Amino acid sequence: MNTNYVIGVDFGTDSVRSVMVNTANGKEIATAVFDYPRWQNGLFCNPTKNQFRQHPLDYIEGLEHTIRSCVEQAGPAIAANVVGISVDTTGSTPVAVDGQGVPLALLPEFSDNPNAMFVLWKDHTSVNEAENINSHAQKFETNYLQYVGGIYSSEWFWAKLLHIFRQDEQVRLATHSWVEHCDWIPFLLTGGGHVAGIKRGVCSAGHKSLWAAEFGGFPPNDFFASLDPLLDGFTAKLPQETYTADQAAGTLSAEWAGKLGLTTDVVVGIGAFDCHMGAVGGQIEPYYLSKIIGTSTCDILVAPKDEMQDKLVKGICGQVDGSVIPGMIGLEAGQSAFGDCYAWFKDLLAWPLDTLLDIIPGLDQEKMVQLRTQVENGILTELSKQAEQLPVSEDSELAIDWLNGRRTPDANQFLKGAITGLNLGSDAPQLFRALAEATAFGAKKIVDRFIDQGIPVKGVIALGGIPRKSPFIMQLMADVIGMPIKVHGSEQTCAIGAAMFAATAAGVFERVEDAMHQMGQGFDMEYIPNPQRVDIYAKRYVQYTLLGNFIEEQINP
C-alpha cells in the first residue's frame, strides 16, 4: 500500500511557505520558503497612509517556487503519491478580477496600479468606508453585522471594495468580481477560466463578507445599493453558495501539474484564512483559545453548535458555522499588531544604522552591511534578555498596543498607540518591556471578552514563531492572562493545518478531526503563570484599561 503525501501552502504577510507532509504521521518531508520580492522592496505600499498592497505575481511566483522545491526535495517516488494541496492566506486580502477571474494587476494596463492588486489585511485605507457601513447598518431592522461582532472593520472585504471603487473609476469599471486571496489560489491551481467558477469558502465569506446562512447568503441588494450606488447589484456577481475547507475545489490543471511536477489527479482543497487552518494544525480543542502570533495575532475558538445556541459575541471578528472545523462554530478575534509593535521599535532603534553608516567616510561597504545586519538581527534578542531582568513595578512605563489600530475587542482602526510614564531614566529595555506588556494586555482583553459574553476559555494554545522563540514574551503573557499557555511543537502550524485539510479533501480522512489526530505534532512546552507576578499585572492591566479608555475618548473619527 502506497503512503499518501499532501502539500500545505501558507501565504503569510512577508512570504509563502509550502510543506510536504506524510499523512500517516504528520512528518514533514520537505519545506520551502519564498520571500515576496516586490513586497520586500516596499513597492505599492505607503505606510504613512496605511496602504499595503501586494502584487499577484509575488503570490504566483512563490506558489510555483515553493511547491516545485518541495517536489524536487522529496524525489519522484514520493511526488507520485502526492494526493492533495490546500492553501491558507492572510485575510481579508481581496482583489479585483476580470471576467476570466484574472486579477486586474496581471493585465498590462493595470500592472503598476496598487488599486488593481491584492489589498492586504493590514491595509487600513478604508477606515471611512468601514464607518459608513457601521452607521448604515443601524438603519435596518435586521442586524446584518450580528455575526461579525456588531462592528465592521476596515480590514475587511466590503470596506476595501467600496474604497477602491470610490477612489479608482478605471478599476471599478473593469471589475467583474472581488475575490479573497484564499479563494483565488485554488481557482488558479485548478485552471479556472471564468469568474463564475470561483468557489468561495465559508471561512472568508462568513467572517469578512457578511455572508450568513441565516440571511440566505449576503445581505439584500438594498443594503448595499443604499449604502452607495456603486455597490448596486454587486452581490449578483458573488456566488451565494459557500464551502467548508474539507471539500475539494477541483484537481490540478494540466498547466499547473506540469509546472509543479505533479499529476492532474492531485485534489485541490477549498481555501481558508491562515489562522483558521493554523488552529487545526495546532490541534485546537473546544473552548481553548488558539493564538496564531506573528506580525498580528489571530485568535480562534471553536464551540459545539448545540452549546452555542443563540449566543452572539460582541466586538469580535465573527462567528461562523464550519469556518474552522465543520460542524462547530468558529469564533475569531485578534490583535492588529503584535510582532509589528516589536518590529516598529526595532526599526526605530536601528535608524542610525540605516541612516548614518552610509555617510561615515572610510567604511568598507561589505563590512558595513555585515555590521548593520548583525546589529539589527540582535536588537530584539538583547532587548528581551534585558527586559526580562527588570523588576515588575506598578509605576513603570505603560504602553498601548494600538500601533495599527484595534481589531478586538470592538474594532476601531482610527485608534493609535501610546507610551506614558516616561522620564529621563526611561531606556530602551524599559520601553520594550512596556510594549511587550501592552501586547499581553491586549491578549487578555480578548480572553476577557469571550468570558464576559458567556463563552468559557479553558486555556490558551500558542502557535507560530514568536511563541517558540521568545520565552520572555510567552511567560509574560501567561502571567498577564493568568492561564497556562501550551506551545505547539511545530513552527509551521498554518501550513500543517493546510496539509490536514488537503488530506481530508483528498479523501485520506473522513473528518478534519481525524487528520488532526493522525498528523498532529503535539505540544513541547507550557508556560505556567507566576503567582508572584499575577497580582501586580492585574493592577497594571487596570492602568492599561484606563489609559486606553482615555486615548479612545480623545480620538474623534
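Residue check: is LYS539 within 30 Å of ILE419 (Cα to Cα), touching a residue at least 40 places away in the same chain (Cβ under 8 Å), surrounded by fewer than 18 Cβ atoms within 10 Å (Cβ to Cβ) and assigned by TED's automatic domain parsing to the domain that holds GLY378?
Taking the combined requirement at face value, the residue satisfies it.
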Worksheet item: Only one of (1) out of contact with any His (no Cβ under 7 Å at 6 or more places or on another chain); (2) farther than 23 Å from ILE270 by Cα fails for GLY12. Which number is that?
Response: (2)
Discussion item. Looking at VAL280, VAL324, can you tell me which residue is part of a helix (DSSP H, G or I), modelled with pLDDT of 95 or more and among the hydrophobic types (A, V, I, L, M, F, W, C)?
Written reply: VAL280
Worksheet entry | Single unsatisfied condition, HIS276 versus (1) touching an Asp or Glu at 6+ places or on another chain (Cβ under 8 Å); (2) more than 21 Å from GLY507 (Cα to Cα) | (2)
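Please state which one of ALA225, ALA212 is among the aliphatic types (A, V, I, L, M), more than 26 Å from VAL87 (Cβ to Cβ), in the same structural domain as ASP112 (by TED's automatic domain parsing) and touching a Gly at 6+ places or on another chain (Cβ under 8 Å).
ALA225
The rows are residues; the columns are (1) surrounded by 24 or more Cβ atoms within 10 Å (Cβ to Cβ); (2) closer than 30 Å to ILE451 by Cα; (3) modelled with pLDDT under 95; (4) within 11 Å of the chain's Cα centre (by Cα).
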site: ALA245; (1), (2), (3), (4): yes, yes, no, no
site: LEU252; (1), (2), (3), (4): no, no, no, no
site: TRP256; (1), (2), (3), (4): no, no, no, no
site: ASP265; (1), (2), (3), (4): no, no, no, no
site: ILE292; (1), (2), (3), (4): yes, yes, yes, yes
Worksheet item: Pick from GLY233, GLY282, GLY217, GLY278: which is surrounded by fewer than 24 Cβ atoms within 10 Å (Cβ to Cβ) and out of contact with any Phe, Trp or Tyr (no Cβ under 7 Å at 6 or more places or on another chain)?
Response: GLY233
Worksheet item: Can you tell me which residues in segment 110-149 are at pLDDT 95 or above and of a type in the set (Gly, Ala, Ser)?
Response: SER111, ALA116, SER126, ALA130, SER135, ALA137
Discussion item. Could you go through segment 47-65 and let me know if any residue there is out of contact with any Ser or Thr (no Cβ under 9 Å at 6 or more places or on another chain), at pLDDT below 95 and closer than 27 Å to ASN404 by Cβ.
Written reply: yes
Discussion item. Just checking: which of the strands (runs of 3 or more DSSP E) contained wholly in segment 457-557 hold 3 or more residues that are in contact with a Pro (Cβ under 6 Å, 6 or more places away or on another chain), among the aromatic types (Phe, Trp, Tyr) and more than 18 Å from ILE284 (Cα to Cα)?
Written reply: none
Discussion item. Please determine whether any residue of segment 470-478 is touching an Asp or Glu at 6+ places or on another chain (Cβ under 7 Å) and aromatic (Phe, Trp, Tyr).
Written reply: yes
Fill in: Output for segment 463-506, where each listed residue is hydrophobic (A, V, I, L, M, F, W, C) and over 30 Å from ARG540 (Cβ atoms)
CYS494, ALA495, ILE496, ALA498, ALA499, MET500, PHE501, ALA502, ALA503, ALA505, ALA506
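For every residue, the table says whether it meets (1) in the same structural domain as ASP274 (by TED's automatic domain parsing); (2) in a strand (DSSP E or B); (3) crowded, with 16+ Cβ neighbours inside 10 Å.
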| residue | (1), (2), (3) |
| --- | --- |
| VAL9 | yes, yes, yes |
| ARG17 | yes, yes, yes |
| MET20 | yes, yes, yes |
| ASN25 | yes, no, no |
| ILE29 | yes, yes, yes |
| TRP39 | yes, no, yes |
Practice prompt. Could you grab the pairs with beta carbons closer than 6 Å, sequence gap of 6+ or different chains, first residue in segment 94-105 and farther than 22 Å from SER126 by Cα, second one of a type in the set (A, V, I, L, M)?
Written response: GLY99/VAL195; GLY101/VAL195; GLY101/ILE198
Discussion item. Checking LEU173 against (1) outside any strand (DSSP E or B); (2) within 25 Å of GLN146 (Cβ to Cβ), only one condition comes out false. Which one?
Written reply: (2)
Response to the item:
For segment 1-44, the count of residues that are touching a strand residue (DSSP E or B) at 6+ places or on another chain (Cβ under 8 Å) and without any contact (Cβ under 8 Å) to a residue 12 or more places away in the chain equals 1
Worksheet, complete the sentence: Only one of ASP358, ASP354, ASP340 is within 14 Å of the chain's Cα centre (by Cα) and surrounded by fewer than 22 Cβ atoms within 10 Å (Cβ to Cβ), namely ASP340
Worksheet item: Wholly within segment 338-421, which helices (runs of 4 or more DSSP H) include no fewer than the required count, namely at least 2 residues that are at pLDDT 95 or above and not aliphatic (A, V, I, L, M)?
Response: 339-349, 365-389
Item to complete: Scan segment 200-214 residue by residue and report those that are over 14 Å from VAL97 (Cβ atoms) and either among the charged types (D, E, K, R) or assigned to a helix (DSSP H, G or I) (or both).
Response: VAL202, CYS203, SER204, ALA205, GLY206, HIS207, LYS208, ALA213, GLU214
Discussion item. Return the residues of segment 90-121 that are part of a loop (DSSP other than H, G, I, E, B) and surrounded by fewer than 24 Cβ atoms within 10 Å (Cβ to Cβ); say none if nothing qualifies.
Written reply: ASP98, GLY99, GLN100, GLY101, VAL102, LEU107, SER111, ASP112, ASN113, LEU120
Practice prompt. State whether the residues of segment 483-498 include one that is more than 15 Å from MET20 (Cβ to Cβ) and over 23 Å from the mean Cα position of the chain (by Cα).
Written response: yes
Fill in: Residues within segment 404-429 that are crowded, with 20+ Cβ neighbours inside 10 Å and over 18 Å from THR545 (Cβ atoms), tallied
2
Item to complete: Please find, among LYS305, LYS291, the residue that is closer than 20 Å to GLY8 by Cα and not hydroxyl-bearing (Ser, Thr, Tyr).
Response: LYS291
Discussion item. Yes or no: segment 69-82 includes at least one residue that is among the hydrophobic types (A, V, I, L, M, F, W, C), under 24 Å from GLU255 (Cα atoms), modelled with pLDDT of 95 or more and not in a helix (DSSP H, G or I).
Written reply: yes
Worksheet entry | Answer residue from segment 215-273, given it is in contact with a Leu (Cβ under 6 Å, 6 or more places away or on another chain) and assigned to a helix (DSSP H, G or I) and is nearest to ALA74 (Cα to Cα) among those | TRP256
Response to the item:
With criteria (1) crowded, with 23+ Cβ neighbours inside 10 Å; (2) within 26 Å of the chain's Cα centre (by Cα); (3) not in a strand (DSSP E or B), LEU301 comes up short on (3)
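The values are calculated or read from the model by the stated rules, or taken from the named source; none is laboratory data. These figures come from a predicted structure and were not determined experimentally. Reconstructed Cβ throughout: ideal geometry from the backbone, glycine too, with neighbour counts over all protein chains shown.
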